[in-house]
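The values are calculated or read from the model by the stated rules, or taken from the named source; none is laboratory data. Because the structure is a prediction, the values reported are computed rather than measured. Cβ: placed from backbone, ideal geometry, glycine included. Neighbour counts: every protein chain shown.
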Amino acid sequence: MGRAMPLTGPRLAPLRRALDVWGFTPGFAAPHRHVMLRAGDGVRLAASHLGGPGGSPATVPAVVVAPGFGAHRRKPAYVRLAEGLAAHAAVLAVDPRGHGGSKGACTLGDREALDVAAAARWLRGRGHRWVAAVGASMGGVAVLRAAAADTGADIDAVCAISTPAVWGAPTTPAARALARIVARGWYRGLAGAVLRVRITRTWADVEQPLDLAGRVAPRPLLVVHGADDHFVAAGQARRLYGAAGDARTLWLEPAGFGHAEDGFTPAFAARLAAAVAACRRTGRWPPTRSVSTDAP
């Protein structure tokens with residue numbers, strides 16, 4: 001009999017991804033508490049609050065974390081991001097509607113803006129005077145839409161990670177696969193059951209992220225994108241950056257970052273946490289090379 005193959009390495013990747021999606025993960029190790037929010041349209045949302053470095057909320061910055069499609073706040077990558085950000089800020093990580101513990105159904109970045117606004121209001125209610133919104137992929141669309149809307153006064157800074165400039169017009173094989181899923185009712189049901197996502201409809205006929213980016217100003221906007229993003233080509237990040245107002249910054253991450261949560265390493269989370277602290281002090285997101293993880 002041959003030797004048993006070790007259960008390590010790439011052979012575990014599909015199983016690990018499935019376990020992450022289905023929620024069979026340890027979740028947060030840092031001190032936290034689970035809370036329930038209500039979006040402006042009445043949808044109940046599940047969230048986790050990490051208190052941050054301590055001190056009066058009036059002096060501590062706060063961050064809303066909005067995951068992408070098929071993700072939730074307890075996925076290991078988002079846990080790493082939230083716990084890294086909590087070194088310098090209070091964090092409220094929210095399950096998008098139709099995902100995780102939240103009710104409602106996914107609208108692919110449209111009404112998810114209400115989820116971001118509800119999270120920002122909750123943090124304001126706790127006394128935080130400066131609130132940033134960080135979103136990845138679909139979550140990036142949601143934070144742009146929330147900041148561009150009338151409710152944007154509750155958000156002081158925006159970070160859009162791996163976010164398309166044009167949503168619903170897929171240009172990569174991975175994006176075209178998602179488009180096929182959401183375009184057919186039976187396919188949405190099947191994929192939704194596998195991914196544990198409730199999808200309500202196809203691409204929304206709403207403003208594109210490219211148009212929203214220009215209305216984020218005067219709030220500072222940070223666009224983060226992987227040079228090797230297989231889902232949203234890096235050229236889309238340049239288009240978003242070009243459409244934004246004066247207070248804009250582009251972090252084009254080198255190959256290896258990938259798409260959204262693929263790049264949420266502890267080092268990236270620490271760098272983004274330091275950038276949050278710097279943005280709160282200066283009113284602008286810093287260029288990548290100038291960020292120090294020792295920022296107070």
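Scan the stretch 130-176 for residues that are surrounded by fewer than 23 Cβ atoms within 10 Å (Cβ to Cβ), in contact with a strand residue (DSSP E or B) (Cβ under 9 Å, 6 or more places away or on another chain) and either modelled with pLDDT of 95 or more or not in a helix (DSSP H, G or I) (or both) and jot them down.
Residues satisfying the conditions are Trp130, Asp156.
Since Arg280 meets every condition but one in (1) touching a helix residue (DSSP H, G or I) at 6+ places or on another chain (Cβ under 8 Å); (2) modelled with pLDDT of 95 or more, which condition does it not meet?
(1)
Among the residues that make up the stretch 211-234, is at least one of them outside any loop (DSSP other than H, G, I, E, B), surrounded by fewer than 17 Cβ atoms within 10 Å (Cβ to Cβ) and among the acidic types (Asp, Glu)?
Yes, some residue in the stretch 211-234 is outside any loop (DSSP other than H, G, I, E, B), surrounded by fewer than 17 Cβ atoms within 10 Å (Cβ to Cβ) and among the acidic types (Asp, Glu).
Looking for something of a type outside the set (Lys, Arg), out of contact with any Asp or Glu (no Cβ under 6 Å at 6 or more places or on another chain) and not in a helix (DSSP H, G or I) - is there at least one such residue anywhere in the stretch 78-87?
The answer is yes, given that some residue of the stretch 78-87 is of a type outside the set (Lys, Arg), out of contact with any Asp or Glu (no Cβ under 6 Å at 6 or more places or on another chain) and not in a helix (DSSP H, G or I).
Hey, any hits in the stretch 110-121 for a residue that's more than 19 Å from Asp41 (Cα to Cα), buried (at least 24 other Cβ atoms within 10 Å of the Cβ) and among the β-branched types (Val, Ile, Thr)? Explain how you work it out, then say what you get.
Taking the stretch 110-121 first, the residues more than 19 Å from Asp41 (Cα to Cα) are none.
No, that holds for no residue.
So, of the residues in the stretch 235-257 that are among the aliphatic types (A, V, I, L, M) and part of a helix (DSSP H, G or I), which turns out to be surrounded by the most Cβ atoms within 10 Å (Cβ to Cβ)?
Looking only at the stretch 235-257, we keep the residues that are among the aliphatic types (A, V, I, L, M), and these are 237, 240, 243-244, 247, 250, 252, 255.
Remaining after also requiring part of a helix (DSSP H, G or I): 237, 240, 243.
Numbers: Ala237: 26, Leu240: 28, Ala243: 20.
Of everything passing the filter in the stretch 235-257, Leu240 is surrounded by the most Cβ atoms within 10 Å (Cβ to Cβ).
With the structure loaded, tell me whether Ala133 is of a type outside the set (Lys, Arg) and out of contact with any Phe, Trp or Tyr (no Cβ under 9 Å at 6 or more places or on another chain) or whether it fails that test. Steps first, answer last, please.
Details: of a type outside the set (Lys, Arg): yes; out of contact with any Phe, Trp or Tyr (no Cβ under 9 Å at 6 or more places or on another chain): yes.
Answer is yes for this residue.
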